[in-house]
1. What do you get for Rg/Rh of segment 104-242 when both radii come from the Cα atoms and Rh is the Kirkwood radius?
2. Which far-off residues, 5 or more places away or on another chain, put their amide H under 5 Å from the one on residue 51, with H placed in the peptide plane?
3. Looking at (i) 1.46; (ii) 1.25; (iii) 1.06, which value of Cα Rg over 2.2 N^0.38 Å comes from a calculation on the structure shown?
4. Counting only helical runs of four or more DSSP H residues, what would the 222 nm mean residue ellipticity of the chain come to if each run contributes -39,500 (n - 2.57) and the total is spread over all its residues?
5. When the Kirkwood hydrodynamic radius is evaluated over all pairs of different C-alpha atoms of segment 26-185, what value in angstrom, to one decimal, is obtained?
6. Angle check, please: helix 135-146 long axis (alpha carbons) against the longest principal axis of the chain (alpha carbons), in degrees 0 to 90, nearest 10.
7. Using the heavy atoms of the protein chains and a 1.4 angstrom probe, tell me the accessible area per residue for the chain in square angstrom.
8. Report the charge-dipole magnitude of the chain in Debye, nearest 20, computed about the Cα centre from +1 at each Lys and Arg Cβ and -1 at each Asp and Glu Cβ.
Amino acid sequence: MAKKDRRRHLVQPRGPQQLYVIAGLPLATVRGASEWLRANVKDAIVQAIPSSSDDGPLYPEALVGQIVRSVGSFAIRRRTKGPERPATPATITLLYVPASDDERLLAAFDFAVMVAPLTSLVSRDDKARQRRHILSAIEQELADASDAAGAVRQGLYEVVQRLGRQADNEAMLLPPRNFAVGDHDLVPAFRAFRLNERAWTDRLPDLGPTDLTHDDIARIPAKRTRRVFVDSRGMAFLIAHQTAYDGPPREAENNEDIDELLSTLRSLYRFGGALAPGLHHDAQRSDGSVLDGAIFHCDRDGRVSANGDYANIYPNDYVRVHKKTKVE
C-alpha cells in the first residue's frame, strides 16, 4: 500500500483576487464563459468544470467532488521549500445553473461560499435547449453576477464588511451548529441567507446580543461590558482575542478527503467572505459557571460532552475544550 502523504496545506495571506467558480455549463460553453470572466473582471480567478450536456440533473456526486477540489486548490495553499505560493483569494463566489439536484452542490459548500444562481440559463430557446448552451446568454448572466453595483457583489460587500468587524455582536460569525435557538440551531437562519430569503443586512436581532459584565463572567474585566450572543441554553459566545487565533482548523491534510477539505474551507470563509484564520468563539455559561458536561456538536467528533471553563468553537463548528467525551 502506498504511504499516505502527510504534508500539510497551510493558509497564506489573502490577496485582492476574487475566486469565481462556474458550475452547470456544458463542455461546449464552459471555456468561453471562463475566458469572458477573466477578461472582464479585474483580479478574477476562474475555476470551471463542465457538467452534462443533457438538460437534466447537473451535479452528480463525483462532479461535486471535483468542484470542491478545484476550490480547495486555490483557497488552501501548501507550504513548499520553493518560493511562497500566491495569496489566497479574498472572496469565493459560486456561479451555478439551477437544476433538480443543485442542493447536492450547495449543501456540500454549506455556508462557505457566496452563491449566485444563473437563473435565466434554465429557460429554453426555440429549439427547446436550455440557454446554458448559448454563450451570449451566459455572458449576459455573468455580467450581471459580476457587476460591482449588482445584487451579488453588493451582497458580498456587505458580508465582507460584517465579517471584518470580528465583533462579539456580529451574528454572522456565530458557529451555526452550536448556537442553540430553542429546539434547533442557526442552520435554518443561515440557509435563509443562502437562499436569498434573508437580506444580507439582516443582523438577526431576535438572537440578541446581551450585555454581560464582570459580575456575570469573571474573565470580563471589571467596569467593562461585552455585548455577546447568548443562546437558548444560556451559553455565551465571546469572540476570542486575536492573539488566541490558532488551532487545527487552519490546515488540511494533503489528500483526497473531501470532508476534511470542506471543513477547512468552512473555517476560512463564510458566505464567500474570508475569515481571519484561527478566528473562534469562547463558549461558556453566561452565569460564569463551568461547562459541566454541556453538549456541543463537533465538526470532527460529532456530539460531545464538554468539561472545563469554556470551549473554543471555530466557524466550521470544530470544538476544542479541556476535556470532551463523544456522546452517542
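1. Working: Rg = 20.1 Å, Rh = 17.8 Å.
Over the Cα atoms of segment 104-242, Rg/Rh equals 1.13.
2. 24, 25, 27
3. Given (i) 1.46; (ii) 1.25; (iii) 1.06, the structure-derived one carries the label (iii).
4. Numbers: 7 runs with 82 residues, N = 328.
The helix contribution divided over the chain gives -7500 deg cm²/dmol.
5. Details: mean 1/r = 0.0562 Å⁻¹.
The Cα-based Kirkwood calculation yields 17.8 Å.
6. 30
7. Numbers: 15680 Å² over 328 residues.
Per-residue value: 48 Å².
8. Working: 45 positive and 44 negative charges, 244 e Å.
For the chain, the charge dipole is close to 1180 debye.
The values are calculated or read from the model by the stated rules, or taken from the named source; none is laboratory data. Computed from a prediction, not measured in an experiment: that's the story for all the values here. Note that each Cβ is placed from the backbone with ideal geometry, even for glycine, and that neighbours are counted across all protein chains shown. Note: areas computed on protein heavy atoms with side chains; ligands, DNA, RNA excluded. Shrake-Rupley method; radii C 1.70, N 1.55, O 1.52, S 1.80 Å.
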